[in-house]
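To start, the structure itself, in structure tokens.
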Amino acid sequence: LGNGGSTLHALRCLEEQYGDQWTSFTVLLIHSGGYSQRLPNASALGKIFTALPLGDPVYQMLELKLAMYIDFPRHMRPGVLVTCADDIELYSTGATETITFDKPGFTALAHPSDLAVGTTHGVFVLDPSSLSGKGGLEYGSCCRFLHKPDVETMRQGGAVCVRGGRPQLSCPGSHGDSGTASECVYTDSVFYIDHSTAKRLLEFYKQMGSLCCEIDAYGDFLQALGPGATPDYTKNTRNVSREDPGLVAVRQQLYSLLQGTALNVIVLNNSQFYHIGTTQEYLFHFTAESKLRFELDLQPVAFSIFPDRAKTLDQLSIIQSVLEPGCVIGPGSVIEYSRIGPEVSVGKGSIVSGCYINFTVDIPSNCFLSSVSVKITDRVEYVTMVFGVGDDLKESVKLLSDIHCLQFYGASLPECLDLWSIEPSDQLFSGEDTRLGLWTARIFPVCSTLSESVRMSLNMLNSVQHKSAFKLSGFQLLSVEEMLTYKDVEDMLKFRKQVYDEICLQRQKEKSDY
């Protein structure tokens, strides 16, 4: 459905449950994570439940979202506030300034960003004459919305502004691609739909019967708005994850429905937008000297048992985990919801999630390791996905003869298959459509215990690193896609609870020892 389709579906569920009552509600609607292919440790449970290295016990992204938006409902007319699960908006406004969502149509928050950031986000073309207010908070209207535009499109569309003071258009100069330090664009994050517009969208969804394609709540809703909107975008499928045959027609219908609807903008001049949707962003914000880490006071060790002598290492992120004395964690690594034995070393810049490692092993640098509980028949089993943190799980090819383009921890996929004694064939890949990629490759062995599944996957990685054979024949093998089909969320939460209880117990013991 895409996040747009799921927004419409959620509105329908509200109506089914509450009848006409729902039109008097203020609703917070969070897109909780999709497949999370760029941050797969969030794939099984959803990005909104990503643990943060903060709080005792730790906060999840959901708590942070609720804290950030806590003042909104008081100044909001009935309607729906739509937000993603993997972004954080921090802002400051004057003591007397309030963010108010009370206008008809759509109202979006806008943040000053570098031009490079604009190329991967939505960008507002503001109407400078409409702006009122001063300093940190201004209200205005948007002529049109550009979805992931290139720099030239931003300049031609009049989206580039001068930083500092009021947003004012900059003159198109010969600034090249990156723009000058004084230039910015205003990018999107959270948006609000007033209840009458939400009702129109719901009626549209009910008329459609069922959706045959992915709709994007940002690109497909917002590009139809404002007086400068044109239907050109409906045919542009450059940013679409999968091109469905009905997409252009549905976009055109949405454009007709929303055309002429206002796009109001709340410009937050003292604000910062952070995205934690990829392994690189996750590692950077949690372990490096990032601004976000400083602003939220993210901790190197959050609600964990960790040998004291290693606590001096600041470039770490240990979240709700038990680490035994003797283990070594390299700088720039994140360990979450895991138990790490005394003879384990983890290299630099790695992610270890939901793992139990009770054997001697050196986990290499830049390694991504995440365990999932699965129920294929009626018993719980375990699979651990392993990749390089930079591997592209979204990349896919259509033909078996092209799988050499796919990279697994620096080696080509056919090279790896050869080392693991796996025959390349169409049966090697899961899924209905012919997308052959790391996401659909059936290469991860199903094991009866959690620690055994971690050991097997690390053996696979070791064989690729050292170009030594490690036979996977004889195992049932799953793709990441299939792991999510068979995932057993209850068992994964049970393991987290065991780790939680052990930490509480150890703390009580330490207290009574004093």
Checklist line | Residue count, the stretch 196-213 (criterion: within 30 Å of Tyr274 (Cα to Cα) and modelled with pLDDT of 95 or more) | finding: 3
Check: What is the residue count in the stretch 467-480 for residues that are open to solvent by 60 Å² or more (accessible area, probe 1.4 Å) and in contact (Cβ under 8 Å) with a residue 40 or more places away in the chain?
Finding: 5
Check: Condition test on Leu62, is it assigned by the TED database to the domain that holds Gly136, open to solvent by 40 Å² or more (accessible area, probe 1.4 Å) and aliphatic (A, V, I, L, M)?
Finding: yes
Next item on the list: Count, please, the residues in the stretch 73-92 that happen to be crowded, with 18+ Cβ neighbours inside 10 Å and part of a loop (DSSP other than H, G, I, E, B).
Entry: 2
Check: If you take just the strands (runs of 3 or more DSSP E) that sit entirely in the stretch 347-400, which of them hold at least 2 residues that are of a type outside the set (Phe, Trp, Tyr) and open to solvent by less than 10 Å² (accessible area, probe 1.4 Å)?
Finding: 351-353, 367-375, 380-388
Note to self: It is to be established whether one or more residues within the stretch 434-448 are in a helix (DSSP H, G or I) and open to solvent by 20 Å² or more (accessible area, probe 1.4 Å).
What the structure shows: no
Note to self: Could you check the stretch 136-167 and list, in sequence order, the residues that are in contact with a Ser or Thr (Cβ under 8 Å, 6 or more places away or on another chain) and surrounded by fewer than 21 Cβ atoms within 10 Å (Cβ to Cβ)?
What the structure shows: Gly136, Glu138, Tyr139, Ser141, Lys148, Asp150, Val151, Val162, Arg163, Gly164
Check: Got at least one residue in the stretch 146-154 being of a type in the set (Lys, Arg), at negative phi and touching a strand residue (DSSP E or B) at 6+ places or on another chain (Cβ under 9 Å)?
Finding: no
Notebook entry, point to check: What single numbered condition from (1) out of contact with any helix residue (DSSP H, G or I) (no Cβ under 7 Å at 6 or more places or on another chain); (2) open to solvent by less than 30 Å² (accessible area, probe 1.4 Å) fails to hold for Ser24?
Noted result: (2)
Next item on the list: Take the stretch 33-72 and flag every residue that is more than 14 Å from Ile276 (Cβ to Cβ), of a type in the set (A, V, I, L, M) and not in a helix (DSSP H, G or I).
Entry: Ala44, Leu45, Val58, Ile70
Next item on the list: Tally the residues that are in a strand (DSSP E or B) and either hydroxyl-bearing (Ser, Thr, Tyr) or open to solvent by 40 Å² or more (accessible area, probe 1.4 Å) (or both), restricting the search to the stretch 401-410.
Entry: 1
Check: Would a scan of the stretch 325-333 turn up a residue that is within 23 Å of the chain's Cα centre (by Cα), open to solvent by 10 Å² or more (accessible area, probe 1.4 Å) and within 19 Å of Leu64 (Cα to Cα)?
Finding: no
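The values are calculated or read from the model by the stated rules, or taken from the named source; none is laboratory data. None of these values were measured; they are calculated from a predicted model. All Cβ positions, even for glycine, are placed from backbone atoms using ideal geometry, and neighbour counts span all protein chains on display. We work out accessible area using only protein heavy atoms, side chains counted, and drop any ligands, DNA or RNA first. Shrake-Rupley method; radii C 1.70, N 1.55, O 1.52, S 1.80 Å.
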